[in-house]
């Protein structure tokens, strides 16, 4: 006998949950949402009040409400995402949680493809730029780990497939967590969608050769896909 699954949350419940989560970090979230609604609604009312748009009161009110809600949701989504990044800042595995927000055309490994006993880790994402190796950790150990993983990856894929290295952090040459998504997306389009299947199959074979790797102990932040869905009201 199968266990009944819980009914999906309604959009209102999802938005409330996302607001509660974000407001723990962003104390001024409610104020920003209110200001955005007022500003966009005012613009919408003035726009709807232009001559020739219909009844003198109906169109401005409708336009104000529509633009006000859209503006409030836009600001809410941006600040909620920023709050989620702030909550994950400094946590192990934060990069893969952020990368999970990438849209279609990207394949993110949710487990590290390489790591050390000192908790240095390398995550892998495959997309239009090719293969992107994202490292979390400190100093020479992490850089050597990235070099080794890049060498293994290129040995399997060949020199034709680009392999990029990114180090998460706030130091020189590193990428802060809030900027990680944009940085990865701006690496360009060097791999065609038709080539993705072959790349993924080759990487799957590489992972199989290495066998099952013991996952580092300790909590890791959950994927941000749920956060993104809550923000959009899915």
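Any read-out appearing in this document is the output of simple, stated calculations on the displayed coordinates, not a laboratory observation. For clarity, every value in this text was computed on a predicted model and none was experimentally measured. Here the Cβ positions follow ideal geometry from the backbone for every residue, glycine too, while neighbour counts run over all protein chains shown.
The spread of Cα positions in the stretch 114-163, taken along each principal axis and listed from longest to shortest, comes to 32, 18, 14 Å.
Computed extension gain for residue 147 through residue 25, at 0.36 nm per residue and net of the alpha carbon distance, reaches 40.3 nm.
Rank these for me by crowding, 120, 170, 207, 26, going from fewest to most other beta carbons within 10 Å.
Ascending number of Cβ neighbours within 10 Å: 170, 207, 26, 120.
Spherically averaged projected area of the convex hull of Cα atoms, the stretch 94-213: 7.0 nm².
Maximal additional length on extending the residue 195-residue 140 stretch stands at 16.5 nm, based on 0.36 nm per residue less the C-alpha distance. Between residue 17 and residue 109, the contour length at 0.36 nm per residue exceeds the Cα-Cα span by 30.4 nm. Cβ crowding within 10 Å, taken as a proxy for footprinting-reagent exposure, orders 186, 150 from fewest neighbours to most as 186, 150.
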